[in-house]
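Novice: Please read through the structure below; I'll follow up with questions.
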Amino acid sequence: MKFLLQTLSLSYVRRHRAKTFLTLLGVVVGVATYVAVVGARGSLLGGIRETVDRMAGKAQLQLTQEGGVPEELQEAIRERPGIRAQAPVIEQVVVPERDELGSLLVLGVDLLGDREMRDYGFEGEDADLDDPLLFLAQADSVAVARPLAERAGLKVGDVLVLKLPAGPRSVTIRGLLTPKGFAEAFGGNLVVMDVYAAQELFGRGRRFDRLEVRLEEGVTLDAATATLRAVVPPNVKVETPDRRSGQMEKLVANFAAGFDVTSGFALGLGAFLIYNAFSVAVNRRRRDIGTLRALGATPRQVQALFLLEALALGLAGSILGVLAGVGLTRAALDVMRQGAEQVYGVTASSEARLTFPLVLQGLALGLLASLAGALAPSRAAAAVSPTEAFAKGVHQAGGVWSWRRVASGAALLAVTVAFGVRPPVSGMAMILSIVALGAFSALLVVGPVSHRLLAFGAPLVARLFPVAGRLASDALLSSPRRSAGTVTAMTLALTFAVGIGGYIEATTATLVRWMRDILTSDIYVRASANFARPDYRFAPEVKDDLLAVPGVRSVESYRAPRLEYRGETIVLASIEMEAMLDRTRHDWVEGSEEIARREVGRGGSCTVSDNFARKFDLGVGDVVELPGARGTVRLPIAAVVKDYTSDRGTVFVDRRTFLAAFEDDRVDVFDVNLAAGADAGKVRDAIRTKLQGRMPALVSTKREFVADVEKAIDAFYALMQVTLVLALAVGVLGIVTSLLISVVERTREIGLLKALGALGGQIRSSVALEALALSAAAFLLSLPLGTLLALFVEKTVAVAFAGWSLPHETPWLLLGQLLVALPFLSAVSAWVPARQAARTPVTEALEYE
Amino acid sequence: MLQLKDVRKVHEGKARVVALDGVSLSIGEGEMVAVMGPSGSGKSTLLNLMGGLDVPTSGTLLVAGADLASKSEEERSLFRRTHVSYVFQAYHLMPTLSAALNVELPLHLAGRPAAEARERALKTLAEVGLSGRTTHLPDELSGGERQRVAIARALVTGAPLLLADEPTGNLDTAKGEEILQLLKSIHEARGTTIVMVTHDPHAAAACERVVKLRDGRVVEDSRG
């Protein structure tokens, strides 16, 4: 076998370098996408856990509260039995003026008491840190992790400028941290400062982000939790760092898991490319196989030869794919991290780490995909009969139309649709199984149907392009298996594009429409660019400042903390309900605007979003119980409304209800409505001038605010769109491979045509037309399949993960883009094969066997 | 060496074709037999059955005492390695392998050590007069030389039965004559049983016995 691999297989590779390279590229792209996406997801989730763990140090419990823990809480828990130490913490991710350093995590701690929690390991020329009072005496003092200082070329005494919502602020480096323990958190991009200076710098008022608690020896977590619970208000969470990171991981896990489908799809397409290439190779090497069989090679030896070839190709492709994946992981992680931060307010280290098991997994999956792709062709090779292989003339593989195959494919597709509409069980495994079943049934149906489609379109092509069209039709129809295989690969790629791209377009359109109905105020004033985790909250009095600005008619105060409800992090949105209802339009699922005005605006009830109702199986008349400032708050549901504020669900209450129950009067966003005729731009500038220097404030007109939200939506889908393009690239690779093979297979025919007077241009045109026909057939077939995929994602997957059933929209923009891009891609795909065909010397071609 | 009794071969397809229609034939060890007949008479089908490349639809076919029809595809392949070798009209050499590697090929398939395969291949190439062309690719050889490589490949396993399908069909008269003489000398020196399908009466005349087929039946069996 070694001899056969070293001689026959290698020589085949040498003779078909371009085709082998493209097949290899298919595996490389598949494995690289998988490794990058799964690696980035692992790094993201690992980064969350690691950041929380490292920052926690020796703390065993953490006290947190939405919007911050009030300073007085320190007194409440001081000297309680079992509590050895407590320390306040402020955590803030900031971007330095020097962008190239990446995001920095600023940790505000009480340097006098915090050594009970963390080992600081100050080093170098920082003798004054032995006396932290000197450090504390200067409010702009910070200590940075040594690797960060080295990377940035900073030393003690240097100034670091941070970009904050209130404008750039300078801090001075007065200490360096040894890179171990907590100083390694957030990939070492860590800055430590005094907690009270951090309160001031980040506008936290008299609150901390959390209080950390270390217990006496021998005190159990349960006992300490009970002690603390007894003295803190119910809306303060007492939890272990582990549980906190678990919650954060859970919040972004679904977001990250969605990418698994994408990477799996890329890998599947890689396998299909292998299948296509090997199917054609078997066809092409029939005579050699026949000779081997005549010389005594057993069918098993022949099959093993092809499988070993696939294994070698898979190994090479997987190694290259893993290497490429390592490079891509960083980029994928950046996109994912931004999405997680923007949408969920979760921060994590930006360090991309590829674990050894993932590298092995990438290699194994690449090999498996290659073997799976080559299995059927290798069996076909083993079944080659020597007598048929030696028959005169070029072997024409049998037709691809089979009623049995089409009928079973259609039946399976029907079963897939049935499962898709009503999955028998819930969960990611079921969703992946349905996708796999759908892909398999498409594999059965698409090949035969594409052949009929090409046969149907061939006369038209021949009529439109009498010479080149006829040649192209002949090439397509005389190799039905090759054509069907290529169309199938491209159809799968396009189905993915139309399905997922359609879903993204439908979601975006739905959100934009919803925003148009909801975001109807003229100006929005917010303290932070991050929608999910505002770093600063306005005092309620700012409302009066805004009302005093000429042109302002009314101002609503929006506050939306994230609370834990039945293990999920939901949003509790509060606003002046009646004023808001006056200017917005809602799609009521249960109840009505009138009921909402009466019972929520004036009666202390709540409305819930439709995804909240679906997720927790609640409706009008049920009661939502949330942890308030003085005990459990019971909110009867008065109405259910379609709403896309949070994919974990949203509860809406009137601001008065919120103030009474949660005792938190701060504001996240002011919705400012202008008097008739007032110029939004001028009022925006006037508000900016008024608030400047007093507090961080991002003031935007409605259009600017909506554009910001749209940018956040785009960031959320950015990685998915990248993988979409990769899937399309794999599909295009399939077409190039197929055309190269087509040209080689038809060498003699092309020589004959040239001998009969065909011009190079005519031959080139025929190859280009062949490419166009293949992608046109794939495009037509992908329309119904892509629509089914989009419906599945919009109606079933979205409901399973976010509780949303999204209305389907035909993705006209995407279809238009594909209609423009496909002919272009076809022409590009045909470029090299067409040149190769046109340059074939006549005499050599006629002798080609 | 070969016993055929009432062998029929029917190809079922769009049209039903009876390739062999009750052929009975016995070929003894060490015979050199020509099989002649017009196109479509069943010559190649007969050769394929004798080598176990195909199996009869009915009838009995014994090769070196073995009933090939009762063997599996895998077993027939293993049988071929030791008992049967082929020479084709179109040579069917692997275009990317040198002459020596082409000759080594069946030995590698049979799992022989590389050194032994190389030694036997070179020896056999010398036997067919190609010791100076061992590193040449098929493309670099003349038609006659290619057929000599193919014959060397057939001889290298030492199989007692050599089946040749139009071995001179692609060659000019002089080269064809050389190949015939080579086959004859092999037959005489090694005692190899040779069955040769041919259209060429001159080639047939080089054999000790001529079997003529028409419409899938033996119509003449004569010894020269």
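Novice: Would you point out the residue of region A:1-17, among those that are open to solvent by 40 Å² or more (accessible area, probe 1.4 Å) and part of a helix (DSSP H, G or I), that is farthest from B:L93 (Cα to Cα)? Show your work before the answer.
Specialist: Here is the first cut: in region A:1-17, the ones open to solvent by 40 Å² or more (accessible area, probe 1.4 Å) are A:1-2, A:5-6, A:10, A:13-15, A:17.
Still in the running and part of a helix (DSSP H, G or I): A:2, A:5-6, A:10, A:13-15, A:17.
Numbers: A:K2: 19, A:L5: 17, A:Q6: 17, A:L10: 16, A:V13: 18, A:R14: 18, A:R15: 16, A:R17: 22 Å.
Looking at the filtered set, the residue picked out is A:R17.
A quick yes/no check of all residues on (1) open to solvent by 30 Å² or more (accessible area, probe 1.4 Å); (2) part of a strand (DSSP E or B):
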residue	(1), (2)
A:K19	no, no
A:K58	yes, no
A:E91	yes, yes
A:L105	no, yes
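Novice: Same structure, new question: Pairs under 7 Å by beta carbon, first residue at the interface with chain A (Cβ under 9 Å from one of its Cβ atoms) in region B:100-113, partner of a type in the set (S, T, Y) and surrounded by fewer than 21 Cβ atoms within 10 Å (Cβ to Cβ), six or more apart or different chains?
Specialist: Pairs found: B:L101/A:T7.
Novice: Quick check on region A:298-343: of everything there that is of a type in the set (A, V, I, L, M, F, W, C) and closer than 25 Å to A:M248 by Cα, which residue is farthest from the other protein chains (Cβ to nearest Cβ)?
Specialist: In this case the residue turns out to be A:V343.
Novice: Now a separate question. Check B:T57 against each of (1) more than 9 Å from every other protein chain (Cβ to nearest Cβ); (2) surrounded by 23 or more Cβ atoms within 10 Å (Cβ to Cβ) and name the one condition it does not meet.
Specialist: Only one criterion in (1) more than 9 Å from every other protein chain (Cβ to nearest Cβ); (2) surrounded by 23 or more Cβ atoms within 10 Å (Cβ to Cβ) is unmet by B:T57, namely (2).
Novice: Out of the residues in region A:279-297 that are open to solvent by 20 Å² or more (accessible area, probe 1.4 Å) and out of contact with any Phe, Trp or Tyr (no Cβ under 8 Å at 6 or more places or on another chain), state the one that is nearest to the other protein chains (Cβ to nearest Cβ).
Specialist: Looking at residues that are open to solvent by 20 Å² or more (accessible area, probe 1.4 Å) and out of contact with any Phe, Trp or Tyr (no Cβ under 8 Å at 6 or more places or on another chain), I get A:D288.
Novice: Return a yes/no flag: does region A:14-26 have any residue that is free of Cβ contacts under 8 Å to residues at least 24 places away in the same chain, within 14 Å of chain B (Cβ to nearest Cβ) and of a type in the set (A, V, I, L, M, F, W, C). Give the steps one after another, and end with the answer.
Specialist: Step one: of region A:14-26, the residues free of Cβ contacts under 8 Å to residues at least 24 places away in the same chain are A:14-15, A:17, A:21.
With within 14 Å of chain B (Cβ to nearest Cβ) added as a condition, the list becomes A:14-15, A:17.
Then drop every residue that is not of a type in the set (A, V, I, L, M, F, W, C), which leaves none.
Looking for residues that are free of Cβ contacts under 8 Å to residues at least 24 places away in the same chain, within 14 Å of chain B (Cβ to nearest Cβ) and of a type in the set (A, V, I, L, M, F, W, C), one finds none in region A:14-26, hence no.
Novice: Further, regarding this structure: For B:L93, which of the numbered conditions (1) of a type outside the set (G, A, S); (2) surrounded by fewer than 17 Cβ atoms within 10 Å (Cβ to Cβ); (3) within 14 Å of chain A (Cβ to nearest Cβ) fails to hold?
Specialist: Of everything listed in (1) of a type outside the set (G, A, S); (2) surrounded by fewer than 17 Cβ atoms within 10 Å (Cβ to Cβ); (3) within 14 Å of chain A (Cβ to nearest Cβ), B:L93 misses just condition (2).
Yes/no matrix, rows are residues, columns are (1) outside any loop (DSSP other than H, G, I, E, B); (2) hydrophobic (A, V, I, L, M, F, W, C); (3) modelled with pLDDT of 80 or more:
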position: A:R210; (1), (2), (3): yes, no, yes
position: A:E217; (1), (2), (3): no, no, yes
position: A:D222; (1), (2), (3): yes, no, yes
position: A:T225; (1), (2), (3): yes, no, yes
position: A:P233; (1), (2), (3): no, no, yes
position: A:G246; (1), (2), (3): yes, no, no
position: A:E249; (1), (2), (3): yes, no, no
position: A:A253; (1), (2), (3): yes, yes, no
position: A:A257; (1), (2), (3): yes, yes, no
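Novice: Still on this structure, please answer the following. Suppose we keep only residues that are at pLDDT below 80 and small (G, A, S) within region A:21-46. Which one would you say is least open to solvent (accessible area, probe 1.4 Å)?
Specialist: Filtering first and then ranking leaves A:G26.
Novice: Kindly establish whether A:D617 is among the acidic types (D, E) and closer than 30 Å to A:V232 by Cβ. So that I can check it myself, show each step before the final result.
Specialist: Details: among the acidic types (D, E): yes; closer than 30 Å to A:V232 by Cβ: no.
It is false that A:D617 is among the acidic types (D, E) and closer than 30 Å to A:V232 by Cβ.
Novice: For region A:361-368, indicate whether the set of residues that are closer than 27 Å to A:R49 by Cα, of a type in the set (S, T, N, Q) and at pLDDT 85 or above is non-empty.
Specialist: yes
Novice: Further question: Does A:P179 qualify as being in contact with a strand residue (DSSP E or B) (Cβ under 7 Å, 6 or more places away or on another chain), at pLDDT below 85, open to solvent by 10 Å² or more (accessible area, probe 1.4 Å) and within 30 Å of A:R353 (Cα to Cα)? Give the steps one after another, and end with the answer.
Specialist: Values: in contact with a strand residue (DSSP E or B) (Cβ under 7 Å, 6 or more places away or on another chain): yes; at pLDDT below 85: yes; open to solvent by 10 Å² or more (accessible area, probe 1.4 Å): yes; within 30 Å of A:R353 (Cα to Cα): yes.
The answer is yes for A:P179.
Novice: Let me ask you something else. With respect to B:M1, is the statement that it is at pLDDT 90 or above, aliphatic (A, V, I, L, M) and touching an Asp or Glu at 6+ places or on another chain (Cβ under 9 Å) true?
Specialist: Numbers: at pLDDT 90 or above: no; aliphatic (A, V, I, L, M): yes; touching an Asp or Glu at 6+ places or on another chain (Cβ under 9 Å): yes.
Answer is no for this residue.
Novice: Now for a different question. Going through A:V667, A:V672 one at a time, which residue ends up being surrounded by 21 or more Cβ atoms within 10 Å (Cβ to Cβ) and within 19 Å of A:P561 (Cβ to Cβ)?
Specialist: On the way: A:V672 fails: within 19 Å of A:P561 (Cβ to Cβ).
From the options A:V667, A:V672, the qualifying one is A:V667.
Novice: Can you tell me which residue within region A:421-479, out of those that are closer than 28 Å to A:G761 by Cβ and β-branched (V, I, T), is surrounded by the most Cβ atoms within 10 Å (Cβ to Cβ)?
Specialist: This residue is A:V461.
Okay, residues lined up against (1) part of a loop (DSSP other than H, G, I, E, B); (2) away from chain A (no Cβ under 13 Å):
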position	(1), (2)
B:D6	no, yes
B:A15	yes, yes
B:V18	no, yes
B:D21	no, yes
B:S41	yes, yes
B:L46	no, no
B:L49	no, no
B:L53	yes, no
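The values are calculated or read from the model by the stated rules, or taken from the named source; none is laboratory data. Every value quoted in this text rests on a predicted model; they were computed, and no experiment measured them. Glycine also receives a Cβ, built like all others from the backbone with ideal geometry; neighbour counts cover every protein chain displayed. For accessibility, only protein heavy atoms count, side chains too; no ligands or nucleic acids. Shrake-Rupley method; radii C 1.70, N 1.55, O 1.52, S 1.80 Å.
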